[in-house]
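The values are calculated or read from the model by the stated rules, or taken from the named source; none is laboratory data. Note that the coordinates shown come from a computational prediction; the quantities given were computed from them, not determined experimentally. Cβ coordinates were reconstructed from backbone atoms using ideal geometry, including for glycine residues, and neighbour counts include every protein chain displayed.
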Amino acid sequence: MLTGVFLSIAISTAAVPPGYAVDNHAHPGHFTQPTLRRFERQPVDDLRRGNWECYCRDLEILWRNYREAGSTAQAWREYNAAVTEAKRRYVYADPYLAPVLPYSATK
């Protein structure tokens, strides 16, 4: 019990130098003030969300066209080719999913 008291006093005296006030750094736990955050990447996130919604819409249209074509083998091949192209467009348009090209291809 006495050791805990001494340890508590030692830690609390070393935490803030004498004569200095405890600053509010706007972090949770400091005077229980709320933390304010600014989202700097909101335009990028909006762009990525729009690209994802366009990609999903393209997939829905392609699937509907496949089903209307009668689900034949030829329609399936066309559907696979179109889906591959749609995915390629989506990946190349996304700033975080863009493929990293090998160094020899960038020369």
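Taking the numbered list (1) under 22 Å from Arg88 (Cβ atoms); (2) among the aliphatic types (A, V, I, L, M); (3) at pLDDT 90 or above in turn, Leu47 passes all entries but (3).
Taking the range 79-107 as the range and being surrounded by 10 or more Cβ atoms within 10 Å (Cβ to Cβ), out of contact with any helix residue (DSSP H, G or I) (no Cβ under 8 Å at 6 or more places or on another chain) and either at pLDDT below 85 or farther than 29 Å from Ile61 by Cα (or both) as the test, the residues that pass are Val91, Tyr92.
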